[in-house]
1. List the residues, sorted by chain then number, that are 5 or more residues from Val7 or on another chain and whose placed amide H is less than 5 Å from its amide H.
2. If you line up the long axis of helix 106-138 against the longest principal axis of the chain, both from Cα atoms, how many degrees apart are they, to the nearest 10?
3. Mind ranking Leu136, Leu64 by accessible surface for me, highest first, 1.4 Å probe?
4. Cα axis of helix 273-289 to longest principal axis of the chain: angle in degrees, 0 to 90, nearest 10?
5. Per residue and in cubic angstrom, what volume does the convex hull of the Cα atoms of the stretch 1-97 have?
6. Please list His114, His188 from largest to smallest accessible area, probe radius 1.4 Å, with all protein chains kept in place.
7. So how do Tyr27, Tyr88 rank on accessible area, 1.4 Å probe, biggest first, that is with the largest at the start?
8. Express the relative contact order of the chain as a whole percentage, based on alpha carbon pairs under 8 Å and six or more residues apart in sequence.
Amino acid sequence: MTYSILVVDDDTAIKKSVKKYLKLQNYEVKTALNAYEALETLNSFKADVVLTDVMMQGIDGLELTRRIKELYDIDVMVMTGYSAEYSYEKAVQAGASDFVFKPFRFEELNLRIHRVLREAEFKKERADLLKRLRKLAITDALTGLYNSRHFFSQIKIEIDRYKRYSRALSLLILDIDFFKNYNDTWGHLDGDKVLMGIGKTIKPCMRSMDTAYRYGGEEFIILLPETRLQKACLVGERIKDQIGSQIFEPEPGIKTSITVSVGATELVEGEDFKSFIRRADKALYKAKDTGRNKLTYLVADS
């Protein structure tokens, strides 16, 4: 991997010599004479490290460091001759990752750059790991949808948003019809394939603002912000039909399909999440009691 470095120094001799050495170490290098030129360069040059002098005309190196850290995720190394006016503490407070005194040996500079790059890679790997762990904590491993714990967190957020902005909020609950019979006939491994297939089917049917969850064993929930009940029913019907058209092959040469029943409802003013979910659940069981493979909706007080 080739790393990129921007060298900022108004001393042309130092700037040229540092650039020449770093290019010999296989870095991609650009230079700038001052902070204004450096900020302009960073608009188009993706630097991994900025190596800047402190004492420059106009904006000094510490102020440049602060501005870079505000705008970009880039490590900054500060170079300076000995001066009581500039200290390691001031550089770190400005956001610098390292502080190098002039004159320095090029080998030492290269070692310091390597250390800064290694620390940056470590921080990135750690951030990626934490991100993956956070995602795992709210994701159902089998279907790839969110899990029920995240649903209860998200529905409260959506209801609060409804209260603030008076935007519509609808809810769909889906349940696989006769899923126990499917598991008893073909086994739980094939039942899991059905659950995975439903997860894959639901995702393309939603907008980016919608969220889908595996609510229980064979139950799924979809939250539809800024959606009135009529539109939610159209989404539910589309998902139901897409699921019903899926073909599963539990054994070679044997093709089968499954259906789902769907309950739909819309949040009303002053309602809490428990009442909201309970009404959607009631609509779902009405769909099951009246023949399955259908969508039934309920409005408040019905």
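1. Lys30, Thr31, Ala32, Leu51
2. 10 degrees
3. Per-residue accessible area, sorted high to low, gives Leu136, Leu64.
4. Tilt relative to the chain: about 40 degrees.
5. Details: hull volume 9.0 nm³, N = 97.
Convex hull volume per residue, Cα atoms: 93 Å³.
6. Details: His114 80, His188 130 Å².
The ranking, largest first, comes out as His188, His114.
7. Tyr88, Tyr27
8. Values: 474 pairs, mean separation 37.2, N = 302.
Relative CO of the chain lands at 12 percent.
The values are calculated or read from the model by the stated rules, or taken from the named source; none is laboratory data. Everything quoted here is computed from the prediction, not taken from an experiment. Cβ atoms come from the backbone with ideal geometry, glycine included; neighbour counts cover every protein chain shown. With ligands, DNA and RNA removed, areas are computed over all heavy atoms of the protein, side chains included. Shrake-Rupley method; radii C 1.70, N 1.55, O 1.52, S 1.80 Å.
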